[in-house]
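A short worksheet on the structure shown next.
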Amino acid sequence: MSLPPYSSTEFIPLSHVEYVSEENTAHPPILFIHGMSSSKETWGHILPALKDSYNVYAIDLQGHGESPLGGDEALSLDKIVADIHHFVTEKGL
């Protein structure tokens, strides 16, 4: 997959919640991504139920929930994908 050429300083810091087992790092990760006009709170009821079997992450996309909208750059699908890719890379998922 080819990602847009964004510099690391242009990534939006995505607000997120995580339930990560420090005792069992072998738990597989699972990432929840909400739909448009929603937030990570969409998944709030299910995340605690999965934390014993998975390392669970739920993010707010750019301009949703607690994540900032960003700078002057227009919000685009390519930018959303780049932000998610950056989050996954930073978390080592």
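Here are the numbers for this structure:
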| read-out | value |
| --- | --- |
| H34 long-range amide H proximity, modeled H, under 5 Å | I59, L61 |
| Per-residue SASA entry for D52, accessible area with 1.4 Å probe, Å² rounded to 10 | 120 |
| By accessible area with a 1.4 Å probe, ligands and nucleic acids excluded, highest first: order of L31, L69 | L69, L31 |
| Estimated FRET transfer efficiency when R0 is 22 angstrom, pair M36-S76 (beta carbons, to 0.05) | 0.95 |
| Gain in span if fully extended, E66 to D52, counting 0.36 nm per residue against the direct Cα distance | 2.5 nm |
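The values are calculated or read from the model by the stated rules, or taken from the named source; none is laboratory data. All of these numbers come straight from a predicted model, not from anything done at the bench. We place every Cβ from the backbone using ideal geometry, glycine too, and count neighbours over all the protein chains shown. All accessible areas refer to the heavy atoms of the entire protein, side chains included, with ligands and DNA or RNA removed. Shrake-Rupley method; radii C 1.70, N 1.55, O 1.52, S 1.80 Å.
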